[in-house]
Amino acid sequence: SQQGEEDPQALSIQEGENATMNCSYKTSINNLQWYRQNSGRGLVHLILIRSNEREKHSGRLRVTLDTSKKSSSLLITASRAADTASYFCATPLRSNDYKLSFGAGTTVTVRA
Amino acid sequence: NAGVTQTPKFRVLKTGQSMTLLCAQDMNHEYMYWYRQDPGMGLRLIHYSVGEGTTAKGEVPDGYNVSRLKKQNFLLGLESAAPSQTSVYFCASRHQTGNSYEQYFGPGTRLTVT
């Protein structure tokens, strides 16, 4: 069964706006990853946040992790058309597992 | 480096036919994975391998077999294809050691079973 669930399922924003999506998971983890998938392509790793981190930045990406609520958020600032993609959170199936469980994803559409 | 490559990119099979999907990585990764992706669902793990000569079942292994005879290759076989196996298949790999848990994905194989 899936460990993580993203919310919302779909998001449509204007270019230049920020996009926020959330991920909730069920069991204790030692890290959480976010991946992007452009249409018809494989997944690409965006960022990893460890359980002892609360926030992490990478370029226009900001990820937060709240282990008490078992949730994470991904913020994309100043969105561009190229950010149109599906975004997935991934968590280890067990605390320190090398197998990942992926959520169903959030589809983000950035309108020009 | 080519990264992770998959062949073929597309395939149409008739029910009952068999085929093998090939995944190759040139990053000397120990771990390799096969996932399937269906509409509205995340990736589901079919089989995985933690090293040459070893394989293990994931979440949805039924109807599939795998082999890892060489470290760089991971093969996924369908012995008798069924319409329920219509999906997009992704291969991924990652290093065993270190603090990087990142998985590297191939471009996918779109399989249709009629």
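Looking only at segment A:64-86, which residues are over 26 Å from A:Asn30 (Cα atoms) and part of a strand (DSSP E or B)? A:Ala85, the sole residue that qualifies.
Each residue in segment A:22-53 was checked for being touching an Asp or Glu at 6+ places or on another chain (Cβ under 6 Å) and more than 9 Å from chain B (Cβ to nearest Cβ), and 3 pass. Among the residues of segment B:1-44, the ones that are more than 13 Å from chain A (Cβ to nearest Cβ), under 18 Å from B:Val113 (Cα atoms) and not in a strand (DSSP E or B) come to 6 in all. Among the residues of segment B:91-107, those that are within 9 Å of chain A (Cβ to nearest Cβ), small (Gly, Ala, Ser) and either touching a Cys at 6+ places or on another chain (Cβ under 6 Å) or surrounded by 22 or more Cβ atoms within 10 Å (Cβ to Cβ) (or both) comprise B:Ala92, B:Gly106.
Of all residues in segment A:94-109, those satisfying the criterion of being more than 8 Å from chain B (Cβ to nearest Cβ) and either at pLDDT 95 or above or surrounded by 18 or more Cβ atoms within 10 Å (Cβ to Cβ) (or both) are A:Thr106, A:Thr107, A:Val108, A:Thr109. Taken over segment A:6-59, the criterion of being assigned to a loop (DSSP other than H, G, I, E, B), buried (at least 18 other Cβ atoms within 10 Å of the Cβ) and among the β-branched types (Val, Ile, Thr) is satisfied by A:Ile29 alone.
With respect to B:Val88, determine if the residue is within 11 Å of another protein chain (Cβ to nearest Cβ), at pLDDT 95 or above and assigned to a strand (DSSP E or B). Here the answer is yes, as B:Val88 does meet what is asked.
The values are calculated or read from the model by the stated rules, or taken from the named source; none is laboratory data. Please read all numbers here as calculations on a predicted model, not as lab measurements. Don't worry about glycine lacking a Cβ; one is built from the backbone with ideal geometry, like all the others, and counts go over all protein chains shown.
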